[in-house]
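One structure below.
The values are calculated or read from the model by the stated rules, or taken from the named source; none is laboratory data. These numbers come from a predicted model, not from an experiment. Note that each Cβ is placed from the backbone with ideal geometry, even for glycine, and that neighbours are counted across all protein chains shown.
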Amino acid sequence: MSTSLLVEIAESTEATAVEELARPAVGIAPATLDRDFDAAIQQLSRRLLEPRTATLEATIGLALETLGRGLRADAVDFFAAGPLVAAASSGKGFARADRWVARPSAGPQSFTVLPDPFDLEARPAARDALEAGRVHRLSAGTPTDRRDDSAPWRVVGWNAHRGVLLVPCPSPQGLLGFFGVDATASARSWADPLVARAEHLGRLTGLALDRLRLERAVADQREASAHRVRLETIGRVTSATAHDLNNILTAITGYGELLELELGLEPGDPGHEDFRELQAATERAATVVDELLRFGRRRTDGVLTLDLGDTLESLSSMIGQVLGREVALTIERDPRATPVRLERAGLESALLNLAANARAAVGEGGRFALSSQIVRVDAAGREEGSDADPIPGLASGAYVRLTARDDGAGIPADVLPRVFEPFFTTKAAGEGTGLGLPSVAEFVKRAKGGLRVESAEGEGTAFHLYFPLEDEPVRV
């Protein structure tokens, strides 16, 4: 029998089972249960304030055991929401994060009516109760081993009655998780006073979890702030260093040209090719210095309105030179006008950097494609019609999306978050400065646009650059 069917059967029998579950079990004094549970909850509230419990595992571990022993359960599961565990970040379900069992030596219980992950949207009654901070009851029997092909779920009878409580962990930010308490005979002792204590324990746990959530958010903010300070420091140092290097390169270029004139070297003369290589190396160094000066500098010079599709076609020859004859270049443009307001020099530099990266990734016989398309972005920063993640900081509206796609080796998952980090490169020493992609990101930011990357090892890489669509007449 599928787990989902068990829950459906459980919910359908809930109304008839509540009265039976409320009757105390034989030999268990409700007053004794209440007093013991009260003492355990008081001890839990004190321990949740201790520094050593300032982790998700410690907090949940304490709460699971307290709830399990207080309700004399067979097993208790904790289901966590997205802010606490990445496994539940899809937004639909709550992921099973931890479990407590009454008899650890026997191992986890083989039967439970709670699926993993648990989707509250599919169960409105449970969702409404938990979001309101109330315990929700389920009730079901344990299926027997007898089979009958005529029965739709292939089960004839039910063994001992089984009860399940869903105990919410609410917080000011919403439901952070809930406990699933699973029991057989002891479920009959779950009278209203005992359930109220379970609700209280859930609220205590929710507040503790909210504290953990806030501490994580503060830590993330501190790390982001420290990272911004490091980048600003790097920007100031590299700018000063770049000016010094620029002066040195100017002297090297000038004296090199004077020396060539004094020697009177002509093509074919000994040393002529060496001078040509010296000049080419100096020019490459000057390009790197220019990237250093551009990085982190807010510039508005050279900004004009141009049609992105027309510009891509006009730059195709230059981009092809960067790619070389071994890499095939294709350009697809939106048939509509695509006016955007950009620095043309910045756009050229960004395209050449993307082309250079693609050439290194695809090798001989590879493909590199550029395309422009008008798209719309919703209020969440997500491209309409796309299931990709939202683009941080991108306002809703119409954009021209410039996509640079290659069929190369792709970017490993552990490297992808760092591709726009200044001076980070996976290339061999002397083959890359680590400024190409950060310069692209800076250019897009200056254009008030957004940037998204799709990549997987062995499946190529696509850089999506979003530029606000302009309404004014196009000027080139």
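List the pairs whose first member sits in region 166-181 and is assigned to a strand (DSSP E or B), whose second member is acidic (Asp, Glu), and whose Cβ atoms are under 6 Å apart, counting only residues at least 6 apart or on separate chains?
Correct list of pairs: SER171/ASP210; LEU175/GLU131; GLY180/ASP77.
Looking at ARG134, ARG197 in this structure, which one is surrounded by fewer than 18 Cβ atoms within 10 Å (Cβ to Cβ) and either part of a loop (DSSP other than H, G, I, E, B) or modelled with pLDDT of 85 or more (or both)?
The unique qualifying residue is ARG134.
So, in region 170-183, how many residues would count as being among the polar types (S, T, N, Q) and surrounded by fewer than 19 Cβ atoms within 10 Å (Cβ to Cβ)?
Residues flagged as among the polar types (S, T, N, Q) and surrounded by fewer than 19 Cβ atoms within 10 Å (Cβ to Cβ) within region 170-183 amount to 1.
Is it the case that GLU326 is assigned to a loop (DSSP other than H, G, I, E, B) and either touching a Ser or Thr at 6+ places or on another chain (Cβ under 6 Å) or not basic (Lys, Arg) (or both)?
Yes, satisfied.
So, in region 389-423, how many residues would count as being in a loop (DSSP other than H, G, I, E, B) and farther than 13 Å from ALA456 by Cβ?
13
Please tell me if ALA441 is in the same structural domain as ARG325 (by TED's automatic domain parsing), free of Cβ contacts under 8 Å to residues at least 60 places away in the same chain, within 22 Å of the chain's Cα centre (by Cα) and exposed (fewer than 15 other Cβ atoms within 10 Å of the Cβ).
no
Residues being in contact with a strand residue (DSSP E or B) (Cβ under 7 Å, 6 or more places away or on another chain), surrounded by fewer than 18 Cβ atoms within 10 Å (Cβ to Cβ) and either at pLDDT 90 or above or over 19 Å from ALA102 (Cα atoms) (or both): count how many of those fall in region 155-169.
Total satisfying the criteria: 2.
Hand me the list of helices (runs of 4 or more DSSP H) wholly inside region 2-107 holding 1 or more residues that are modelled with pLDDT of 55 or more and hydroxyl-bearing (Ser, Thr, Tyr).
Counting at least 1 such residues, we get 30-47, 56-70.
Given the residues ALA328, ALA361, which is the only one that is over 25 Å from SER396 (Cα atoms), within 29 Å of the chain's Cα centre (by Cα) and not aromatic (Phe, Trp, Tyr)?
Testing whether each residue is over 25 Å from SER396 (Cα atoms), within 29 Å of the chain's Cα centre (by Cα) and not aromatic (Phe, Trp, Tyr) leaves just ALA361.
Go through region 383-398 residue by residue and tally those that are surrounded by fewer than 18 Cβ atoms within 10 Å (Cβ to Cβ) and more than 18 Å from LEU437 (Cβ to Cβ).
Total meeting the criteria: 11.
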